[in-house]
Amino acid sequence: MRRRVELYDTTLRDGAQAPGLSYSVEDRMRILHKLDQLGLPYIEGGWPGANPRDTEFFRLATKETLDHAELVAFGMTRRAGENAEDSAILRDLLDAGTETVTFVGKSWDVHVEKALRTDLDEGVAMVRDTVRHLRAQGRHVFFDAEHFFDGFLGNADFAIRVLEAAAEEGAERLVLCDTNGGTLPSEVARIVGEVHARVDGVPLGIHTHNDAGCAVASALAGVEAGVLQVQGVVNGYGERTGNADIVPIAANLVLKMDADCLPPGAVERLTEVAHYVAEVANVAPDSRQPYAGRFAFTHKAGLHASGVARFSEAYEHVSPDAVGNRRGVVASDLGGAATLKMKAAEFDFAIEVEAVPVVLEQLKEREARGYTFELADASLELLMRRASGWTQPFFVIDSYRVHVEERVGDGDAPLAEATVKVRTKGSRHIESAEGHGPVGALDDALRKALTNDYPELRHIELEDYRVRVLAETHGTGAVVRVLIDSSNGERSWTTVGVSENIIEASWEALTDAYLFGLLHPREVAEP
Ligand SMILES: [Zn+2]
């Protein structure tokens, strides 16, 4: 029989602790619905009372209809020496109005004595009273035992006493937290096993952090040792090195451990969901993320890649389709027609036989001038299409111009001003934009000029811009190579430009980035 595992998402609470992340209430609502559609059973929405945004989110989110998920509010125990009935923290938690609440309490004796400055009996009572009070208000209660693994190693009897107190009062999950993230998977498995033997009757959960690079492994070790609930964050965002990434956790559970944790068809949407959350978080998607990363199924060209084309099982641990990702080939050595045809197949582009030598010739010539197509797959696809006689139907650039002015001594940064003249679908657009840098100003002006006719461009973000000055080895002066990474929230692509002039190189990479985005619009509309 398939074993049931309960996924508990904390993207909106623990995951929001990541440095540089800040979700608006609207962002949270979008993520909530996306994760609900994925079929996650529990979504922790935040800590009501801890900040006004979390409180406001619960006020609105509890009115939303969810298909699969239950929204959970998070809080902590009553304070030392306080009555649970008088606790403002617990009042805020209850006021959020969710049927299930999770609260965190200390299970490491050192923290009770040093951080709370109270005795161990009071430490246990704080957990006990908190569960009792929340249960008396009719809530389902999950208990996060903070620093559990460190606490268990330091004073196992106390750590167990805390769990027992929560269980006796009616907590329905005892979640063992590796709060410092330093516990190794084998140790997690051993301790979960011991807790199982000592605390009976209440399902366990696991919550891990990635400080030792083991968060996903430890969560899975917890499952193998018998926990029911696994807590994680989409893309592993979180404080320091992050939380356990629920994307590979879910993929491993379904594809490798035959666990029942998501509705049928959901695992195929993991790549899309990972990219969506990155987009809302305004973070460039991690191209090396297991399962969902852009390079997760990308093979280096050569023997290996041609092997993949024939017999993918020999080179891929799962099929990219299984998680909604795609296979790729890194085109480091495009010398051969076979590699080129493989790239064309990856682009879903039927390259004509006569075009192959033309493309090879152009590639050779461009690489000699400093282009690289190893990462710039979007530029490669455009090159193949152009060499096959394709002309893009979207826009014609008449001219572009940028100038940078510094009024010396005025105390302001130099100002760049760009003007772009473009024809689209028969009409001519002249747009200007200002910015602190010339490339940013050009990007804004071009985007303005095109968005009238192509509103889908608003989904495209330029994620990264890299410049390299290449040595004077090509019979010209030093040339500049620009690589631009772009994303439309579903997929990412890279374009390249080369010139002795950095503006011209940037412009080439920029226009190709938009062109590629128009050629491959998003498949999934906004939720
Ligand atoms: Zn945590």
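Can you pull out every residue in region 232-247 that is within 16 Å of the ligand (Cβ to nearest atom), of a type outside the set (G, A, S) and either within 19 Å of D321 (Cα to Cα) or part of a helix (DSSP H, G or I) (or both)? Once the filter is applied, which keeps residues that are within 16 Å of the ligand (Cβ to nearest atom), of a type outside the set (G, A, S) and either within 19 Å of D321 (Cα to Cα) or part of a helix (DSSP H, G or I) (or both), region 232-247 yields V234, N235, I246. When the residues of region 24-55 are filtered to those that are open to solvent by 40 Å² or more (accessible area, probe 1.4 Å), among the polar types (S, T, N, Q) and touching a residue at least 24 places away in the same chain (Cβ under 8 Å), the one that is nearest to the ligand (Cβ to nearest atom) is T55.
Listed by first and then second residue, the pairs with beta-carbon distance under 7 Å, at least 6 apart or on different chains, first residue in region 351-370 and at positive phi, second surrounded by 12 or more Cβ atoms within 10 Å (Cβ to Cβ), are G370/L470; G370/H474; G370/V479; G370/R481; G370/V498.
For region 1-18, the set of residues classified as among the hydrophobic types (A, V, I, L, M, F, W, C), in a loop (DSSP other than H, G, I, E, B) and within 16 Å of the ligand (Cβ to nearest atom) consists of L12, A18, listed by residue number.
Within region 205-222, the residues that satisfy the criterion of being within 16 Å of the ligand (Cβ to nearest atom) and either open to solvent by less than 30 Å² (accessible area, probe 1.4 Å) or at pLDDT below 95 (or both) are G205, I206, H207, T208, H209, C214, A215, S218, A219, G222.
Quick check on D245: is it surrounded by 16 or more Cβ atoms within 10 Å (Cβ to Cβ), of a type outside the set (A, V, I, L, M) and free of Cβ contacts under 8 Å to residues at least 60 places away in the same chain? Criteria met by D245. Of note, V359 satisfies the criterion of being among the aliphatic types (A, V, I, L, M), assigned to a helix (DSSP H, G or I) and within 30 Å of A471 (Cα to Cα). Return the residues of region 386-395 that are within 35 Å of the chain's Cα centre (by Cα) and in contact (Cβ under 8 Å) with a residue 12 or more places away in the chain; say none if nothing qualifies. Matches in region 386-395: Q392, F394, F395.
Yes or no, residue by residue, for (1) closer than 22 Å to A197 by Cβ; (2) of a type outside the set (S, T, N, Q); (3) within 16 Å of the ligand (Cβ to nearest atom):
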residue	(1), (2), (3)
L116	no, yes, no
V127	yes, yes, no
Q137	no, no, no
G154	yes, yes, no
E164	yes, yes, no
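Being away from the ligand (no atom under 16 Å from the Cβ) and closer than 12 Å to Y8 by Cα is the filter; apply it to region 248-278 and report the residue that is surrounded by the most Cβ atoms within 10 Å (Cβ to Cβ). Within region 248-278, the match that is surrounded by the most Cβ atoms within 10 Å (Cβ to Cβ) is A250.
Where strands (runs of 3 or more DSSP E) fall entirely within region 401-496, none has at least 3 residues that are small (G, A, S), under 24 Å from A376 (Cβ atoms) and under 25 Å from the mean Cα position of the chain (by Cα). Of everything listed in (1) polar (S, T, N, Q); (2) open to solvent by 10 Å² or more (accessible area, probe 1.4 Å); (3) closer than 17 Å to A244 by Cα, the single unmet condition for N155 is (3). Residues in region 374-400 that are assigned to a strand (DSSP E or B), open to solvent by less than 60 Å² (accessible area, probe 1.4 Å) and under 30 Å from D348 (Cα atoms): I397 only. Checked against the criterion of being in contact with a Pro (Cβ under 9 Å, 6 or more places away or on another chain), within 18 Å of I191 (Cβ to Cβ) and surrounded by 22 or more Cβ atoms within 10 Å (Cβ to Cβ), the candidates L163, L174, L93 yield just one match: L174.
Counting only residues that are aliphatic (A, V, I, L, M), within 16 Å of the ligand (Cβ to nearest atom) and touching a strand residue (DSSP E or B) at 6+ places or on another chain (Cβ under 6 Å), region 169-190 holds 3 of them. Of all the numbered requirements in (1) within 16 Å of the ligand (Cβ to nearest atom); (2) touching a Phe, Trp or Tyr at 6+ places or on another chain (Cβ under 7 Å); (3) not in a loop (DSSP other than H, G, I, E, B), L21 misses one, and that requirement is (3).
The values are calculated or read from the model by the stated rules, or taken from the named source; none is laboratory data. Keep in mind the model is a prediction, meaning the values are calculated, not measured. Cβ coordinates were reconstructed from backbone atoms using ideal geometry, including for glycine residues, and neighbour counts include every protein chain displayed. When the accessible area is computed, the model is the full protein with side chains, heavy atoms only, and any ligands, DNA or RNA have been set aside. Shrake-Rupley method; radii C 1.70, N 1.55, O 1.52, S 1.80 Å.
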